[in-house]
Amino acid sequence: MPANGPDPVSPRNIVILKVRVANPTASTRELSRILDDEYGIDLSHNRISEILREMAEDGLYRETVIPDQSIFNHYLFRVSFYYPNFADQWEDCYWALRDDPHVLMFFNADSEYHWQFITQFRDNERMQRWIHEFFKEFGEFISGFHNTVLHQVHKFQTDAAVFDEMLSETEEGRQYLAENGRD
């Protein structure tokens with residue numbers, strides 16, 4: 001279990017999310033059949049749709065489309081802060097990155113580079129122009145910036161099997177795994 005107590009997501013809902021991840025294009029009718037056949041969970045497709053919508057609204061997962069690297073080049077950018085200007089500039093920079101259409105993923109890190117983000121651009125020239133504009137606007141806030149071209153992204157997805165570990169944490173979850181032959 002997580003260090004802060006039991007997971008607020010029921011094992012049944014973890015199974016539903018697992019089946020959705022394993023079958024991202026399946027209709028809720030198909031999900032209903034898979035849940036019944038593989039886990040003994042008998043729910044209508046309408047109820048499955050409601051549960052998935054509720055979990056999305058609660059922030060438990062996001063549905064996103066990630067274009068293939070044949071359409072965009074991907075880059076990892078890392079930023080460290082110039083602390084004398086932090087209080088005055090961090091929030092504007094934060095929201096600019098959150099709202100920027102080129103930023104695919106934005107996260108904190110435990111290193112010298114406190115903010116890291118994965119971006120996508122059509123080509124290196126557009127990426128270089130973006131960096132130039134970024135520094136024009138936020139250069140006084142930045143003490144370090146590092147970028148890496150991600151030449152080949154070999155995997156960028158969540159595998160459904162990752163949920164088995166969560167399910168093994170509770171008796172009800174272990175029963176679902178046994179039903180599916182994964183105990």
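Observations on the model:
- Here the sum of -39500 (n - 2.57) over DSSP H runs of 4 or more residues, divided by the residues of the chain, equals -13500 deg cm²/dmol at 222 nm, to the nearest 500.
- Contact order normalised by residue count of region 84-183, Cα under 8 Å, 6+ apart, percent: 17
- Per-residue packing, averaged as other Cβ atoms within 10 Å, sorts the ranges 59-72, 156-169 into the order 156-169, 59-72, beginning with the highest.
- Carbon + sulfur, % of accessible area of the chain - ligands and nucleic acids excluded, 1.4 Å: 46
- Whole-angstrom gap from region 66-87 to region 128-182, using each part's C-alpha centre: 14
- Ratio of the Cα radius of gyration of the chain to 2.2 N^0.38 Å, where N counts its residues: 1.31
- The protection proxy used here, the mean number of other Cβ atoms lying within 10 Å of each residue, ranks peptides 16-23, 139-146, 123-130 as follows, highest first: 16-23, 139-146, 123-130.
- For region 73-183: accessible area per residue (Å², 1.4 Å): 65
- Cβ-based net charge around T158, under 13 Å, with every Lys or Arg adding one and every Asp or Glu removing one: 0
- P(r) weight above 21 Å for region 76-183, C-alpha pairs, percent: 50
The values are calculated or read from the model by the stated rules, or taken from the named source; none is laboratory data. Predicted model, so just to flag it, every value in this text is computed and none were measured. Note that we place each Cβ from the backbone using ideal geometry, even for glycine, and neighbour counts take in every protein chain shown. Protein only, heavy atoms only, side chains kept; ligands, DNA and RNA dropped before computing areas. Shrake-Rupley method; radii C 1.70, N 1.55, O 1.52, S 1.80 Å.
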